[in-house]
Amino acid sequence: MKFIAFLSDGIMALLLHLFCMVALSSFLLLTGTSWGVVLIILIVWFVGLCVAIATTYFRQRNYIRELTSIMDGLDQKYLFAECLRKPNDYFRRKIFELFRCAGKSMIEAVSDAEEKQRDYREYIENWVHEIKVPMTSIELICENNKSETSRKIRSQLALIEGHVERTLYYARLDCVEKDFIIQETSLGEPVRRALSKYRFLLTQNNVRVETENLDRSVYTDGKWVEFILGQLLSNAVKYASASPIIFISTEEFNGRTKLTIKDNGIGIPAAELRRIFDKGFTGSNGRTLGGGTGMGLYICQKLAEVLGVHLEADSRENEYTTITIGFSRPLTYENER
């Protein structure tokens with residue numbers, strides 16, 4: 001709290017004191033009081049006023065510092081009013097009671113919102129698990145009745161499963177830290193699982209997949225990496241060229257292990273490349289082909305942030321799109337030395 005700001009708030013009181021001092025001095029001089037007595041009275045008045053101003057200033061400054069310290073120490077800022085001590089003076093005590101009532105109302109509103117969000121998330125998670133039952137049944141029916149039609153159905157099921165998984169992971173974004181296990185993982189495992197999950201979609205769209213150097217290990221959660229890879233494979237199929245190829249490889253670069261997924265699809269316009277991880281951004285390709293929600297890469301980016309990995313995108317329109325996932329290198333004795 002600045003002293004100048006404090007004085008500006010009390011300028012009317014200071015002007016009133018000045019007026020009273022002038023008026024009292026004039027009255028005393030007119031009644032025959034000597035200059036010396038009047039000067040002593042003014043000095044005592046001035047000193048008392050300065051002491052009162054300084055005392056009030058330091059009391060208010062310390063109080064504001066206390067409030068700031070309480071606010072800075074709170075993770076949930078809406079609990080601020082509940083942490084304040086009750087003031088001594090009547091005016092501030094009434095203001096305090098009003099703020100506490102407002103704070104309680106806000107806490108109740110926040111609690112209701114959190115409960116509704118929790119109920120919604122639980123409903124979505126239950127729905128995802130329930131919808132997988134008929135999807136599995138359809139897949140078994142197709143497996144037992146192999147034909148060109150069944151293969152097309154299974155490729156569409158892969159797309160539906162991708163949408164369902166995206167819904168589940170989006171619902172869990174607020175509490176993802178409760179659902180991952182970081183451990184040493186060979187990148188070949190999540191890549192193989194993702195390719196197996198989307199094999200009918202890839203086959204139906206005549207997509208050729210080439211892999212190289214997938215035996216490198218990193219510390220991550222394989223399930224989440226598999227989900228990210230699934231979204232990238234789905235995008236590669238959706239925006240494929242006439243003779244689609246997906247190339248998946250790993251390399252070591254600047255102390256990090258990089259998993260690269262490159263396709264020869266229609267690419268991304270340069271002006272849109274930096275926005276592809278934004279929530280809800282579909283881009284010109286998504287609008288042209290339809291069906292894009294702009295959520296897949298956004299969820300991938302959020303999951304990558306939690307995992308501590310880095311997503312990068314590079315593309316040239318009508319030539320290729322490359323997505324790189326950067327992992328920290330596993331800690332070994334050689335690294336420690």
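The values are calculated or read from the model by the stated rules, or taken from the named source; none is laboratory data. Every value quoted in this text rests on a predicted model; they were computed, and no experiment measured them. A quick note on method: Cβ atoms are made from the backbone with ideal geometry, for glycine too, and the neighbour counts reach across all protein chains shown.
General observations
- Put simply, of Met12, Met21, Met71 the only residue that is out of contact with any Phe, Trp or Tyr (no Cβ under 7 Å at 6 or more places or on another chain) and of a type in the set (A, V, I, L, M) is Met12.
- Residues that are in contact (Cβ under 8 Å) with a residue 40 or more places away in the chain and assigned to a helix (DSSP H, G or I), drawn from segment 302-317: Lys302, Leu303, Ala304, Val306, Leu307
- Hey, Ser69 modelled with pLDDT of 85 or more and farther than 29 Å from Arg172 by Cα or not: yes
- Which listed residue, of Ile299, Ile323, is outside any helix (DSSP H, G or I) and at pLDDT 85 or above: Ile323
- Consider segment 169-221 and keep the residues that are outside any helix (DSSP H, G or I) and of a type in the set (Val, Ile, Thr). The one that is surrounded by the fewest Cβ atoms within 10 Å (Cβ to Cβ) is Ile181.
- Taking the criterion of being of a type in the set (Ser, Thr, Tyr) and in contact with a Pro (Cβ under 8 Å, 6 or more places away or on another chain), the only residue of segment 258-285 that qualifies is Ser284.
- With respect to the conditions (1) at pLDDT below 90; (2) of a type in the set (Val, Ile, Thr); (3) touching a strand residue (DSSP E or B) at 6+ places or on another chain (Cβ under 9 Å), Ile181 lacks only one, and its number is (3).
- Members of segment 1-36 found to be surrounded by fewer than 11 Cβ atoms within 10 Å (Cβ to Cβ) and among the β-branched types (Val, Ile, Thr), listed by number: Ile4, Ile11, Thr31
- Checking Ile53 against (1) of a type in the set (Val, Ile, Thr); (2) surrounded by 13 or more Cβ atoms within 10 Å (Cβ to Cβ); (3) within 30 Å of Glu114 (Cβ to Cβ), the condition it does not meet: (3)
- Each residue in segment 188-226 was checked for being touching a Gly at 6+ places or on another chain (Cβ under 9 Å), under 22 Å from Lys132 (Cα atoms) and of a type outside the set (A, V, I, L, M), and 4 of them qualify.
- Scanning segment 251-262 for any residue that is charged (D, E, K, R), touching a Lys or Arg at 6+ places or on another chain (Cβ under 6 Å) and modelled with pLDDT of 90 or more turns up at least one such residue.
- Filter result (in contact (Cβ under 8 Å) with a residue 12 or more places away in the chain and surrounded by fewer than 18 Cβ atoms within 10 Å (Cβ to Cβ)) within segment 283-300: Ser284, Leu289, Gly291, Thr293, Gly294
- Sole exception among (1) surrounded by fewer than 18 Cβ atoms within 10 Å (Cβ to Cβ); (2) among the polar types (S, T, N, Q); (3) closer than 20 Å to Glu189 by Cβ for Ser243, by number: (3)
- Condition broken by Glu130, with the remaining ones in (1) modelled with pLDDT under 85; (2) over 30 Å from Ile4 (Cα atoms); (3) among the acidic types (Asp, Glu) satisfied: (1)
- Residue in segment 242-260 that is assigned to a helix (DSSP H, G or I), hydrophobic (A, V, I, L, M, F, W, C) and more than 28 Å from Phe180 (Cα to Cα) present: no
- Per-region count, segment 68-89, residues under 24 Å from Gly10 (Cβ atoms) and either surrounded by 13 or more Cβ atoms within 10 Å (Cβ to Cβ) or under 27 Å from the mean Cα position of the chain (by Cα) (or both): 3
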